[in-house]
Each structure stands twice: as C-alpha cells, then as structure tokens.
Amino acid sequence: MNNIGFKIVDKNEDIVIEILKEAQLKNCPVEMGLYGESQRVRTFCAKLDIPLNIHFNHIVYTLSELDKYKDLFFEEIKIAKAIGANYGIHHMAKYPMTGQSGYQSILIKEVLNRMLRVEALAQEADFEVYIENTFESISFYRKVFLGLREKQTKKLNFCFDIGHAKVWSGDAFRSWLEFLTELKSLGFKLHFHLHANRGLIDEHLSPMEANDMGFDGNDGVFSDLTNEEMYREIFDKFPDERKIFEVKPLLAVENQNHILSIL
C-alpha cells in the first residue's frame, strides 16, 4: 500500500471525487476534513476500500472545549465510522496558550487534565484521536505526552504538521524528528501533515509551487534541507506511518505523483 495520501476539504465535489478515484486506484489513504466536504463526497467515500481517517471540525471546536461540544464530538465519530475511518485528527486549542515561564506548571497540569477527559470520551466511543501540533513548542508537547504515558492512555496519539512546526514552534526540523522518534519509542502512534511553506504563514504549498517562488525549503532557520530532502528524512525514519499532503485540491494528484517520483 502507498501510505502517501490526500486530504479533502474542498467543496468542489467534482474535484474531490476525482481525487478519491485516484486514491482508490493507487490504494492510498485519504483524510477527510469534516468542515468542508459534502454529503455526496461522504457517500462516495464510504463505498471505497481505502485507508481513511478524518479531521474533526477544529473551526467550530477543539479538544479543550469538549465539555461544551461532547455531542458534536460523538456525532463526528459516528460519521467517521460510517465512512470507514479508524481515527481522527484534532487540534488541542484554537489559539496559542501562554508562553510565560511562571505559568507553565499550571498550564501543563490543566492541559493534561483536559486531555485525560478526551481520553475518557475516546474510550467511550472506541475511537483513536491524534493530537495535532499547532502553536506550541516541543517542550510543551513533550511534557503533555510524558504525562499521558504516565497515565497509560490508550486512545491518544500524535499528528505532526510540518507547517505548524515551522511557523509557530520555534524548534528546528531535526529537533522535531528527534521528538517524534521519542514519541514512537514511548508507544504513541504517529500521523503526518506535509506541505511546503516559507515560514511566514501556514501556506500549504506544494513543493512545486514553492520552487516556482524561488524557495526550495532550505532557509537555515527551520532546516538546512530542501523540502524534498525533509520529506525523504521523514519517509526514511517513519516508513509505515500515514503521510497526508495538505495542498490545493487542483494540485493534489500532480503533487502526489511528484512526491512518489523523488522517493
């Protein structure tokens, strides 16, 4: 199986259906964002025999808000199971949390308590949730996940978004690889969101678009590797994990063909 897949959130049904047909042809995974797809797409997706996962509707709510949005959380899991998805990706919070050093011990305790409530709900629904890195640094996620391991959680794992790491974390690419290796050694499962950006905003560019802008990824800040070299590092170190490219739907198939050609 090809574990390099597509993310679909665009409301242009015809484009999305063609992407899904390509996924079926290549037997590659699809991630469906439950904040942009249509009922027609869901129905079509449910008929396919491909690896699937969802992305919860982070625009409406995040994991930190499940006390208020528990019913929506369960409804989205019901949708996920209906289309054959076996896990979901979600953001921890809508906005950055405090970076003040004096608040960190309180923050970690509060976040860990909230994630343990997520674990309880995920256990109830029998569905795995992958926490996606957004605005925080490696040190923050390390403390949270060490706390989860200490509590022996079963349903919570980690999604690495390379763009979020580059734009917001302040940590370099190789430091993230070391952290991901650490998480895997602790028994956590991994999922990847890959694309290119210049580090200014979360652009979700294909590497071809970035190259056309005159930027190959080697900026000496996040990494001294090109985008393609970073992808190869990830593929080499984490060969079995699902890797979803978040690029424009019109470029999705071309982008995947390009990525497969450089491996």
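Derivation of every value follows stated rules applied to the coordinates shown; laboratory data play no part. This is a predicted model, so every value here is computed, not measured. All Cβ positions, even for glycine, are placed from backbone atoms using ideal geometry, and neighbour counts span all protein chains on display.
A few remarks follow.
- Counting charges near Tyr130 (Lys, Arg +1; Asp, Glu -1) among other residues having Cβ under 12 Å from its Cβ returns a value of -2.
- Computed FRET value (nearest 0.05) for Glu22 with Glu233, which takes r as the C-beta separation and R₀ as 25 Å: 0.45
- Percent RCO, i.e. relative contact order, over the chain, from Cα pairs under 8 Å lying at least 6 residues apart: 18
- Placing unit charges on the Cβ atoms of the charged side chains and taking the dipole of the chain about its Cα centre, the candidate lying farthest along the positive direction among Gln39, Phe222, Leu146 is Leu146.
- Applying a length cut-off of 30 Å (Cα extent along the axis) and a mean Kyte-Doolittle floor of -0.5 to the DSSP H helices of the chain leaves 104-125.
- Whole-number percent relative contact order across segment 14-60, with pairs defined as alpha carbons under 8 Å at least 6 apart: 46
- Above-threshold pairs, the threshold being 20 Å between Cα atoms, out of Lys81/Lys154; Lys7/Lys154; Lys109/Lys184; Lys109/Lys143; Lys143/Lys189; Lys47/Lys78: Lys7/Lys154; Lys109/Lys184
- As a ratio to 2.2 N^0.38 Å, the alpha-carbon radius of gyration for segment 1-127 is 1.20.
- Residue among Ile234, His55, Ile244 farthest towards the positive dipole end of segment 4-262, charges placed on Cβ: His55
- Candidates Gln100, Gln24, Gln152: whichever shows maximal mean-square fluctuation once the chain is modelled as a Gaussian network with Cα springs under 10 Å: Gln100
- Label-to-label distance, nm, for residues given as Ser105 and Asp212 (7 Å Cα→Cβ offset): 5.3
- For segment 62-200, alpha-carbon Rg and Dmax in angstrom: 14.8, 45
- Over the chain, dividing the summed -39,500 (n - 2.57) contributions of all DSSP H runs of at least 4 residues by the number of residues returns a 222 nm mean residue ellipticity of -14000 deg cm²/dmol.
- Over segment 88-213, relative contact order from alpha-carbon pairs under 8 Å, at least 6 apart, %: 24
- Length gained on full extension, Asp14 to Ala46, computed as 0.36 nm times the residue gap minus the Cα-Cα distance: 9.9 nm.
- DSSP beta bridges in segment 4-262 [antiparallel fraction, %, rounded to 5]: 5
- Dipole in debye (nearest 20) - segment 4-262, about Cα centre, beta carbon charges: Lys, Arg +1; Asp, Glu -1: 920
- Just checking the listed ones, Met97, Met32, Met230: in the Gaussian network model of the chain with Cα springs under 10 Å, the one fluctuating most is Met97.
- Net charge of Cβ neighbours under 10 Å - reference Glu65; Lys, Arg +1; Asp, Glu -1: +3
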